[in-house]
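> What follows is a single structure, and I will ask about it in a moment.
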Amino acid sequence: MIKKYFFFLLIGLSACKNENYSTSEISAERIPINATIKADTAIQNFIKPYADYLNKTLDSVVAYNPQNLDKNDGELNTALGNLFADIVMEQANPIFKSRTGNDIDIVLLNHGGIRSAIGKGPVTARTAYSIMPFENEVVVAEITGEKIMEMLSYLSNNRTAHPLSGINIQVDKNYNVTSATIGGEEIDPKETYFVATSDYLQQGGDNMNFFNAPVNLYRVDYKIRNAIIDYFHKTDTIEAARDDRYIQIK
């Protein structure tokens, strides 16, 4: 037994001895993916039925838009941004209320999250993918009135038409907030409010740090893009307009 142990010990020690390594030459080549690459016919034939079905689904007309909607058609609120936020409010609130018994007070999204305009004419599911190509989901952050005041400060400093719903804000010529109400009521610093937003923004995207450490955080399990598609499906003609939800009084 001792002889066997000594034999395996020698093998182990010899296996642990230092080896000399040298770096091999590494080369790389950029291979462009373009029309010069011949398609694989077998693969094309295999995926064609799925691609045809997907394109048919995405290109089916689900609603009509009577005007061109662009996220840059206003300084502090836009028709497209208002529509975007109102859709999230309308589609997500029933789910949230059924789970918690509470209503969403505010929706806040980001101007940069709107990735395309909606042209006048037929609206398809593909339109929703153009507006919101990301996989962002709706979350509801319960935050204090003090955090709402931080949100107002962020908005006045940012001076951008971030999509809003459920809140009315007025600022002066220097963009200082002069009035802000939620559901027609003054903001109470001691109360908490339910703010629907995207998971990206709640995690600090666009420096919206007032969403950090909420009192509670609720997942709605609803992608923003799916909310838009569902809204389009149930809407015959889209109605969207600029209004007084966030305005400057000069």
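> Per DSSP H run of n ≥ 4, the term is -39500 (n - 2.57); total these for the chain, divide by its residue number, and report the mean residue ellipticity at 222 nm rounded to 500 deg cm²/dmol.
So the calculated ellipticity at 222 nm is -11500 deg cm²/dmol.
> Based on the alpha-carbon gyration tensor of the stretch 138-250 and its eigenvalue square roots a ≥ b ≥ c, which shape applies: rounded if a/c is under 1.5, prolate if not and a/b is larger than b/c, or oblate?
Here the stretch 138-250 falls in the oblate category.
> Of the peptides 137-144, 51-58, how do they stack up when ordered by the mean number of other Cβ atoms within 10 Å, highest first?
Output ranking for 137-144, 51-58: 137-144, 51-58.
> Still on this model: To the nearest 20 debye, what charge dipole does the chain have about its Cα centre, counting +1 at the Cβ of each Lys and Arg and -1 at the Cβ of each Asp and Glu?
The dipole magnitude comes to about 1160 debye.
> Hey, another quick one. Viscosity 1.306 mPa s, temperature 10 °C: Stokes-Einstein D of the stretch 58-163 from its Kirkwood Cα radius, in µm² per second?
Rounded to a whole number, D works out at 104 µm²/s.
> Then there's this: Using Cα extents along the principal axes in Å as the read-out, say which of (i) 60, 42, 28; (ii) 92, 54, 39; (iii) 46, 42, 38 was calculated from these coordinates.
Correct label, based on the coordinates given: (ii).
> If you don't mind, another one. Step through the residues of the stretch 202-218 one at a time and calculate ³J(HN,Hα) from phi using the Karplus curve (6.51 cos²θ - 1.76 cosθ + 1.60, θ = phi - 60°), rounding each to whole Hz and writing x for Gly and Pro.
4, 8, x, x, 6, 6, 7, 6, 5, 7, 5, 6, x, 4, 8, 10, 10
> Same structure again: Between Ser116 and Asp172, what is the label-point separation in nm under the 7 Å Cα-to-beta-carbon projection?
Going by the 7 Å Cα→Cβ label model, 4.4 nm.
> Over 26 Å between Cα atoms: which of Lys71/Lys190; Lys71/Lys223; Lys56/Lys97; Lys97/Lys190 fall into that group?
Lys71/Lys190; Lys56/Lys97
Readers should treat all values here as calculations from the given coordinates under stated rules, not as data from a laboratory. Model, not experiment: these values are computed from the prediction. When we count neighbours, we look across all protein chains shown, and the Cβ atoms used for this are built from the backbone with ideal geometry, even at glycine.
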